[in-house]
Structure formats: structure tokens, C-alpha cells
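The values are calculated or read from the model by the stated rules, or taken from the named source; none is laboratory data. Model, not experiment: these values are computed from the prediction. Note that we place each Cβ from the backbone using ideal geometry, even for glycine, and neighbour counts take in every protein chain shown. The protein model used for the area step is the full one, side chains on, heavy atoms only, and it has no ligands, DNA or RNA in it. Shrake-Rupley method; radii C 1.70, N 1.55, O 1.52, S 1.80 Å.
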Amino acid sequence: MMKQIFLLLIFFGSLATFSQKKEDKLNVYTFSEAEKLHQQKPKPIIVFVSTDWCKICFGMQKTTFKNDEIIQLLNEQFYFIKLNGEEKKDITFLGKTFVYKPTGTNTGVHELANELALVNSKISYPTTVILNTEFTIDVQIPNYLDSTMFLKIIEKYSEEKI
């Protein structure tokens, strides 16, 4: 009987501990929000360029961007933006309006994705872009980045810019 009570106490104790774990939430901004916030507090901007059909992009969103250390570092030291490379809505950023450009019957690329993620004359999905506080591109990485690699990149970038 004592053994059962002890096991119940451990079970409920672990449930209470587990339920108290606060999951950090990644702050995701639009380009206009990041631009406004940047005026008050300049920080580099990370743009994650992806598409709805990209399974690698989806995987990165479900793993890399769920990592607590990454979420904390992104929220503290960067403005994070997700950009669908095939977004059909116009996006105004830095006083310029970028539009969707059809390339075929049901295909196309948003001008802003083209501007940010074009590497060697082509766009790969996903591409992670870091814009410095002057809004120029410092880093373009056209590939899947696991949590370890992504963390190394943003930590190194943060150290160099401080």
C-alpha cells in the first residue's frame, strides 16, 4: 500500500511539474511591424523564406523554430519574419512595394523573396536571410538548418555584432 501511495505521489508530482513548464513562443513579425519596431530599437532581422509546399521548410518550422534556446535568442536579439516566397499580397518594406510576379500558369515568385533569397541566380527553399541593422543582407543560407547549426549561426552573428 505504501508503495502504491508513493508511486501516486511521484506520478502526480511529475504531472504538476510537467504542466508548469512554460513553452516559449517565437515572436513572428510582418515586414511593416519589424520596420516600426526597428525605429525604436534597432536589431538585425531574420527572414525565413519558404513556401507552403516545401516539406523541408515545414520540417524546419516544426523542429528548429521550436527549440527553446533558438526562440529565446531570436526573441531577444532579432526581429523574426516568415516570408512565403509565393505570397500573392503586396508587401511594402523600406518605402518600396514588392509584388507577386507570375512565372507560369500557377507559379510565381514574390519580388521580395527574389530580392532576399536569390543566391547564384536561383531561389532555394528554405532560405534564411539575416539583414543587419542597416537593412542590408549579411547572411543568406539556402538550406535546411537543424537546431544545432542554426543556433551556432545566430550566436556567432550576435557575438560579432555586439
Among strands (runs of 3 or more DSSP E) completely within region 43-162, the ones holding 1 or more residues that are small (G, A, S), under 21 Å from T30 (Cα atoms) and under 16 Å from the mean Cα position of the chain (by Cα) are 45-50
Among K122, K89, K101, K82, the single one that is basic (K, R), touching a residue at least 40 places away in the same chain (Cβ under 8 Å) and open to solvent by 40 Å² or more (accessible area, probe 1.4 Å) is K82
If we ask which residues in region 62-79 are open to solvent by 40 Å² or more (accessible area, probe 1.4 Å) and in contact with a Pro (Cβ under 9 Å, 6 or more places away or on another chain), their number turns out to be 1
